[in-house]
Structure formats: C-alpha cells, structure tokens
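Here the structure is laid out as structure tokens; the discussion comes afterwards.
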Amino acid sequence: MRFSRHLERALLPLIIFLGAFIRFFQLGRESLWYDELYTVWSSRLPLSLLVQEEAAARHPPVYYLLGHFWFSLIHSDTGVRLISWGAGVAVIYLVFLIGRELFSSDVGLWASAFTAASPFLIWYSREATYYSWLTFISSLSLYLLLRSVKSGSRFLWLLYFLATSLTLFSFF
C-alpha cells in the first residue's frame, strides 16, 4: 500500500501519539518492583559511590547517571519511569527514520506502527530500567550511521561516534 504525502504527514504524528498514549496510560499504576527499586536506589547514590556500585554490580553506568539527575527531581513511581517512556516514544520516530532511510517512507510508517504496538517495547517503556534507553540509543546509533554513510558529513560521523559510545556504556 502506497501512502500519499499528505496521508503520511498525518499518519506519523498519529502513530507516535498513539504509541505515547499506550505507553503512558496508567504508567504509575503498579508500584516499583525489585529491578526498578535497585535503579532508583543506585541512581540516588552520590556520584562517586554510584560509579563504584555499578562497576561492582557489572551494570552499565549511563542509565544510572541519567537517573541520578532525573530521580533527584522526581519522586513518584510515574516520574521515575519517564526516562524509559520518553526513550520508548522516541524509538517510534527513529524506526520511521531508519525505515525511510533504508527503504521508503511507506516502510518507515509500517515499521513505526509495528514499533508503537510492540508488546515488548511497550513493556520496557513502562519500566524504570535501562532496556528502553538501550533500544533508543542503539536505534539512534544505527540511524546516524546510515545518515553518515550517505552524506559523508564529519559532524554526523561525530554524532554517530558519540551515540555508539553511549550505547557501549549503556549495555555490556
């Protein structure tokens, strides 16, 4: 099925909105479970102890460092899950961009729709764990690689290097 340009411009925001809504609906309904409690506890440690704790636990430090700053401002179950929620919503758009870059806008729209409705991606977008963040930063790295190869821009290569470095420190 080939989408017109006008329909495409209307569908993508709708897909992203629906994906965001599904991920946000009753986000704080359930209390935090063990892995999420560990994330919050670890992220609230002083920075020097946080780095030591994550090295000892063999966890990647990036998500916990993000949480260190975010969780110091936010104290609700819903609030601590917002990093994962935002990353999960951003993945919907990144998958569209990757699909468009590799194939066509139609493929990108279909891929973003499947991403928005994916039960696993919805699940991880609703948890205060690093899985949604990892999906986001890996998708960003892939998109930047595709754009860098195509354009040859040194700036895009630098962004690709930074995103890939963040990916490496987000999951071992």
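The values are calculated or read from the model by the stated rules, or taken from the named source; none is laboratory data. Keep in mind that what you see is a predicted model, and the values were worked out from it rather than measured. Cβ sites come from the backbone with ideal geometry, for glycine too, and all protein chains shown count toward neighbours.
When you check residue 65 against the structure, is it outside any helix (DSSP H, G or I), free of Cβ contacts under 8 Å to residues at least 60 places away in the same chain, surrounded by fewer than 21 Cβ atoms within 10 Å (Cβ to Cβ) and not charged (D, E, K, R), yes or no? Break it down stepwise before answering.
Numbers: outside any helix (DSSP H, G or I): no; free of Cβ contacts under 8 Å to residues at least 60 places away in the same chain: yes; surrounded by fewer than 21 Cβ atoms within 10 Å (Cβ to Cβ): yes; not charged (D, E, K, R): yes.
Taking the combined requirement at face value, the residue does not satisfy it.
Among the conditions (1) touching an Asp or Glu at 6+ places or on another chain (Cβ under 8 Å); (2) assigned to a loop (DSSP other than H, G, I, E, B); (3) surrounded by 13 or more Cβ atoms within 10 Å (Cβ to Cβ), the only one that residue 36 does not satisfy is (2).
Here's the yes/no breakdown for (1) at pLDDT 95 or above; (2) of a type in the set (S, T, N, Q); (3) closer than 22 Å to residue 18 by Cβ; (4) assigned to a helix (DSSP H, G or I):
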| position | (1), (2), (3), (4) |
| --- | --- |
| 93 | yes, no, yes, yes |
| 98 | yes, no, yes, yes |
| 106 | no, no, yes, yes |
| 167 | no, yes, no, yes |
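Restricting the range 128-162 to residues that are among the β-branched types (Val, Ile, Thr) and assigned to a helix (DSSP H, G or I) leaves a set whose member that is farthest from residue 74 (Cα to Cα) is 149. Taking the criterion of being crowded, with 22+ Cβ neighbours inside 10 Å and in a helix (DSSP H, G or I), the residues of the range 68-84 that qualify are 80, 83, 84. No other residue among 96, 17 is within 25 Å of residue 167 (Cβ to Cβ), surrounded by 11 or more Cβ atoms within 10 Å (Cβ to Cβ), aromatic (Phe, Trp, Tyr) and out of contact with any Asp or Glu (no Cβ under 8 Å at 6 or more places or on another chain) apart from 96. Scanning the range 71-81 for residues that are hydrophobic (A, V, I, L, M, F, W, C) and in contact (Cβ under 8 Å) with a residue 24 or more places away in the chain yields 71, 80.
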